Amino acid sequence: MCYTATVQEPFYVSGFLYNPNSEKLLLIQTEANDDLITLWKMLVGEGNNGEPAEATFQRVINECLNLEVKPKSIFPIYDYFDEAQRKTNYVFYAEVRRSPSFEALQQGTPSWVRFSDISKFPFFANTKQDMVVGERVINLKRRIALNIQ
């Protein structure tokens, strides 16, 4: 799938910010539910009719974090049909060169974490798998940049 193509079917995007300098990513820590469990998730947003998935992720970052990210800093991870949502989920990450602090959001508190820490966190459905695949994509990109096999 070309991630800049216009998507006509209902879809949503999810993803995270990644700082290659600190090797940290930005996730959202939700408020504790009735069972006192705090769950972690990525940035998530619905696609607008006729909007490319990449542009949707760029808009979600801007709306949620009030942060402008250039399209050249946004990278696709993968996509899949989410049976529970009955929509395709396009997963992205955006590279940033600094790790700013963000105020608490309506959906939770943004926090910078390392990939090595995510195994300790409880996630919403599919998010942990999305994170594992995201880490693999980032590691592959790093190896290619360093010309390592």
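Values in this text are rule-based calculations from the coordinates and carry no lab data. If you're wondering where the values come from, they're calculated on a predicted model, not measured in any experiment. Here the Cβ positions follow ideal geometry from the backbone for every residue, glycine too, while neighbour counts run over all protein chains shown.
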Taking +1 at the Cβ of each Lys and Arg and -1 at the Cβ of each Asp and Glu, which of Ser22, Ser101, Ala55 sits farthest along the dipole of region 11-145 towards its positive end, judged by Cα position relative to the Cα centre? Ser22
Least to most buried among Val137, Val91, Val96, by other C-beta atoms within 10 Å and fewest first, runs Val137, Val96, Val91
Between Gly47 and residues 5 or more places away or on another chain, which pairs have amide H atoms under 5 Å apart, with H built 1.01 Å from N, and which residues are they? Phe11, Tyr12, Val13
Given Cβ point charges of +1 (Lys, Arg) and -1 (Asp, Glu) and nothing else, what value in debye, to the nearest 20, does the dipole of region 74-133 about its Cα centre take? 160
Rounding to the nearest 20 debye, state how big the charge dipole of the chain is about its Cα centre with +1 on each Lys and Arg Cβ and -1 on each Asp and Glu Cβ. 740
Remind me, relative contact order of the chain in percent, using alpha carbon pairs under 8 angstrom and six or more residues apart? 29
Cα gyration tensor shape for the chain, rounded if a/c is under 1.5, else prolate or oblate: rounded
Note, Asn19: beta-carbon cut-off 12 Å, +1 each Lys/Arg, -1 each Asp/Glu, net +2
Among DSSP beta bridges lying fully in the chain, give the percent that are antiparallel, nearest 5. 75
Specify the longest stretch of the chain that does not include any exposed loop site, a site being one of the GluC sites (Glu not before Pro) with a non-H, G, I, E, B DSSP assignment and at most 14 other Cβ atoms within 10 Å. 104-149
Lysine pairs meeting the criterion (Cα under 24 Å, 8 or more apart or interchain), as found in the chain: 17
